[in-house]
Structure formats: structure tokens, C-alpha cells
1. Identify the single condition in (1) farther than 30 Å from ASP524 by Cβ; (2) part of a strand (DSSP E or B); (3) among the aromatic types (Phe, Trp, Tyr) that PHE416 does not satisfy, given that it satisfies every other one.
2. Would you say ALA622 is at pLDDT below 85 and farther than 26 Å from LEU365 by Cα?
3. Can you tell me which residue is farthest from SER349 (Cα to Cα) among those in segment 396-419 that are surrounded by 20 or more Cβ atoms within 10 Å (Cβ to Cβ) and at pLDDT below 90?
4. Among the residues of segment 516-533, count how many are in contact (Cβ under 8 Å) with a residue 60 or more places away in the chain and either of a type outside the set (A, V, I, L, M) or in a loop (DSSP other than H, G, I, E, B) (or both).
5. Given the residues LEU96, LEU102, LEU106, LEU123, which is the only one that is in the same structural domain as HIS199 (by TED's automatic domain parsing), within 16 Å of PHE195 (Cα to Cα) and assigned to a strand (DSSP E or B)?
6. Which pairs have Cβ atoms under 6 Å, sit 6 or more apart or on different chains, and link a residue in segment 456-468 that is assigned to a loop (DSSP other than H, G, I, E, B) to one that is surrounded by 10 or more Cβ atoms within 10 Å (Cβ to Cβ) and not small (Gly, Ala, Ser)?
7. Out of ALA295, ALA332, ALA328, report the one residue that is aliphatic (A, V, I, L, M) and part of a helix (DSSP H, G or I).
8. For segment 355-387, give me each residue that is of a type in the set (Val, Ile, Thr) and out of contact with any Gly (no Cβ under 8 Å at 6 or more places or on another chain).
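The values are calculated or read from the model by the stated rules, or taken from the named source; none is laboratory data. All of these numbers come straight from a predicted model, not from anything done at the bench. Positions of Cβ are backbone-derived with ideal geometry, glycine not excepted, and every protein chain shown enters the neighbour counts.
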Amino acid sequence: MTSSAHGSRGQPTGNRRRSRLAALAGVLSLAVAAPSEGACPTRPGPDPAEELADYEALLDEIYEMGDQYSADFSIGDQAVYRMRQRSEEGRPDRVLQALEALEPRLEDMQSYFPTPPSRPVLLIESRLDIFEPSLALTDCASPGEERDAAEDDREAELAKHVITRMGGDLRDLPAGLCLVVVFTDRLESERELRFGLAHEWMHTMQNGFYTRWAMDHSWWVEGSAEWFAHKVVDGVTERDHRIEEFFMRQKSCPLTEHSYDAQPFFFWGEQAFNTEWVLSVGLGGDAYLKLPERAAAILPPERWLDWAIAQADQTITMPDGRLLPDQAEVEALELTRECETAIKGPPLSVQLYEISIPEGSAPILAIDAGDAQLAIRGNGDDEWLRVTGLTEIDTPSSPITVAAIAPSGEDLYAKFSIGNSDGGACGCQVGVWLERATPPDEAKDPLAGALEAMESARGMVPPDQMDDFLAAQEKLRAANAKDRFRFRGSIPDVFDELEGDVDTIYVQDGPVLTIRAAGSFLIDDPYTIRAEDTTISYHKYRHYGKWEAEGGVLKFEIEGLISDGFLTGPPDYEPTRISIDSDGFGAQSYVGGGGEWTMACEPVAMTLTSTRVRNPDRSDQAVLVKY
């Protein structure tokens, strides 16, 4: 039987599978974990020549060691044997002492096993630069003399070679022996040594439950062994990189493609259930748990969603109660471009997203979860709403947080869309936009025609009225009446210039245009007018109406104007409330607010060009940016 190696500290382990080592009353195997990457990697096959070289080197080292002997303690029913370098004999045994210190906690964990573990263990300390970068490894023989039918001819020959090479001494060890090899030069602290031993001891106990082909760095084998070691050794930080690795990889990897980094799942499992449940998964698998559809069967779908929610709430802790050193990240999505979006991912992968919904959207959010389990929480809400299948819900406050998982062998695909009950179309224009002013040299002057008309009528002005005529003409020439905004009236600017002592102060740099997914729009442009000792302050100045889009043309129809403010002036200078609620001509004639526009959309900007101008230039465009 086979168990997997304990991976390296602080770096991904090498990209080789376990080499099959036939020895010690049967065929033993050695392994090194595959590297971890942002995308789910495909592990390449082993290099036979490199495997054989490492295997031969380990045999040479063991052959030069002294005789095996029985330790003066056992771990429950598991007898402990030891072999050491001859040069180390008579010196304090750091490795055996570390294992003995773990005895009480290991035996306590053994009490949870359905069948008391009984495999004997031979502990060996290696100083060789082999099987890099493993810190330790475990390999167990078949429990009896029979060989596994799955072994190929090459391994059968290898077994004969090993037995011949090792001579008769080791053949007297008990059947079903597990070999634990520790590379002590790679273990920098006593805590790390104890953690490594605890991890490998879990493998010696797991090996009573699996066939020899099932232990190849499988997620439930290595993930539960990491959990086990954290249960036995408190305060370990040397494996934090594995937890970070899990959250980095899980968006693109199904749970079944993880290995050592699967440990957060078992941390959560102990919190959600108990120690027995974790061991039932860590001991209950064989190769079938490598398939997502089979792994999904270990939990009901709603409990898989609990696992996703726990990541979103960041409630998972280490077995000793510490907070996790790393957490799952939430990605951002928007519905503002097409008013729909989708969450995708491999099976049994947790996907966490924060979805922004356009202001003023339709009141219904349509969700097609497919086979996935979703949990949705609006901004400021305390409770999660669980969603499955095809459903519609009241649109939560934006942004909404979504935790999703596909508890099956199928990929995750969940679609979100904003319903439009009144038939309004939905496209890239939906959102809140601030109009950017047209540069002065590109803006049109609406008074240019008036000047031309006055000049044409000059000859008809009576002599006694010429001075007034010329004064009015001069005022028009001096007026800064260029139409720099298409969604802001130009009248206040003209008024300022003609009167000379009037100031118009806008609250915003430009009008704010809110285009709702439900087919309505608002134009907000509050401002204050100050003239001598009179002030009119509109804290609300809003045009509203309906829009529709067809063939890339956006049509605005203004329906009304609502304003609210105060007038302050003589004689008593007391603020007087003024308000307008009009759906008449004044609202309809608002400059630039109505009509038909062609849209040019970018991720954070939109340009609207009037269709009423045959040869449009910049002054006939409204350039809007995300607000």
C-alpha cells in the first residue's frame, strides 16, 4: 500500500509522482507532490530514470544503517521500530524523542478511528539530497504476503530486486510495515519536525483503508493529513503557504484537483460536523473520491453551500482556534453593460463575487442557478438568501454578495439578469453618468444666429433706437452662450452674461444622467443663482422621462420637471420655499434632454451623438463618464 509524502516547507513541492519502492515485506512507494499554480495543473508523468536513482540511493543509505530495533514505546497498537546511521548510534535521538512527545495526542486521535490502527512503523532519518523537496514520506507494504493484482511486471521485478538487495534482516519485520522517512536537514525547527511526523503518522493509519493505487496525493488523503497534524501540533505557521495556495487555486480547480492545500475543507468540516466526520472522509475513499461527481456525494447540496458561505463570512478557523492566515477573495462583477452576467467555475469550486446593480434598476432580479447552489446577500443585509434553480427575487441593495458552488460533477454556471417589466430595453447605457463639458473651442454658440439676424436687420432700425440696438448687439457678442452641455440648459449662462452681475453656481461639474434598466431616466442638475441681494437655490432640479433603444439609437422623451429650493431676498430676506412640478412645455423644451441619440459605449464612458444633425460635430455630442 502507498501513502503520500509530506510536502516541502514554504515552497511548492516537485512535479514527480511517487516512485514505487518494493521492499520491507512487500512493495513500497515513494512520492513527491505536484506543484501548485494559479490554474489547475496537469501533473506530468514521473521520470523513471530519476525515480530509480533516488530509489537506489535510499536503498544504499538504508543498507549502510545499523540493525533495526524496537522502540521502548508504541503509539496505541502501532509498534515503533527504528534504524539509524551507524555514526549516530549512542547519541540523543531527536526524531524518536519528537515522536514519543507526540504519543499522548496521537493516541487520543486514534480513539476516533472506527478500527484501532495497528500497522507497525519503521522510522528512518535520511541525510540524502533525494526526493526533493519532500520533508518526509510514508510508504506502507501490502498487509500480507499476497501481491496486488494491479502491479505491473516492472514492479514485480523491482520487488525481487529489493528483497535480494536488503538481505534477510529486514524480512523479519512484521507484515504490513509502514516506512516513515524524515529528511531532518530540511526541517528547521522542532515544531516543524513534530508536525511532519504527525502528518506522516496519519498516513500510516490511512493505509489500513486504501488500495495501493489510491494514495497518489489525493485531496482527501493529504488534506486530512494536514488537518490531523494541525490537531496534534498547535500553533504551526510553517504550512500557511498551503492555505494561501488553496484560496488562490480554488476558483480554477475543482476540490478533487487539490492536494495538501485542501486542508481548509477539513478545518471547516470539523467545525460544521465533528472529528469523526473528518476522519470518515480522510479514511473513506479509495480512488472514487478523485471524481467530482463521487466526491459531491459526501455532502447534501445544501451543506456544500454552507462550505461556500463559511468562506464568504470568513468563519473558518485553524483546528487550534486561530484565524486562517489567508482568506478567499471576492471578485467584482457588474450588470451595467448588458444587464446580465454569469458566474462560472469548475465543479466543487467555491466562487465568491460582489455584483453591482445599476441604480434605479427594475425591482426584479432573475436568477438561473442551473445545478448550482447560491447564497445571496444584499448590501447591509445580515442574512443569506439561498437560491436554486430558476427564480426571481426582489432586487437586493447593491452591491450584492454571491457565494456559489456546483455540488456535482458539472461545471458551475449561474446567470443573473435584471427584469424589465415595462418592456424597456437594457444595454450599455444603463447606469449613472456625469456629463463632461465640451471644450470651449468645439462648442457651438446658439446666439450666433441671433447676431446674424440683427446684423441683417440693422438697416431697418430707426435712428433714435440705434444706440439701444448697438448696445444689445454688443452684449450678445460678449455673451458666453456656447452650449457646452447637452443635458444642461444654457439659459442661466446667457442670463449671467447679459445682466453682468448674476452668478450661476452648479452643485456638480455637469448634469448627472441616470438611465434605469426599467426604461426611465433622470437628469439631475441642482444649482444656485445669485443676483445682487437675491438668491435662488435649487437643491433639486430634476427632469425625468422615458427612454427606449432600437438599432443603436437611444430615444429620450422628457415627461416633466421637478425642482425644489428656496428664494431669499428683499424685503425680509426670509427663505421662501419654491418648487416646480411641471409636465408642460417648459419641461419638454429642456435643452438637449430629449431627442434621439446614437450610442458609442466604452467600459467607463459613453458618447451620445444627436441624430438630428446631418453633419454632427463635437458640440452636438454628449460625452458621459461613469458617476
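1. Unmet for PHE416, out of (1) farther than 30 Å from ASP524 by Cβ; (2) part of a strand (DSSP E or B); (3) among the aromatic types (Phe, Trp, Tyr): (1).
2. Here the answer is no, as ALA622 does not meet what is asked.
3. My answer is ILE418.
4. 5
5. LEU123
6. Every condition considered, the pairs that remain are VAL461/PHE469.
7. Among ALA295, ALA332, ALA328, only ALA295 is aliphatic (A, V, I, L, M) and part of a helix (DSSP H, G or I).
8. ILE355, ILE357, ILE367, ILE376, VAL387
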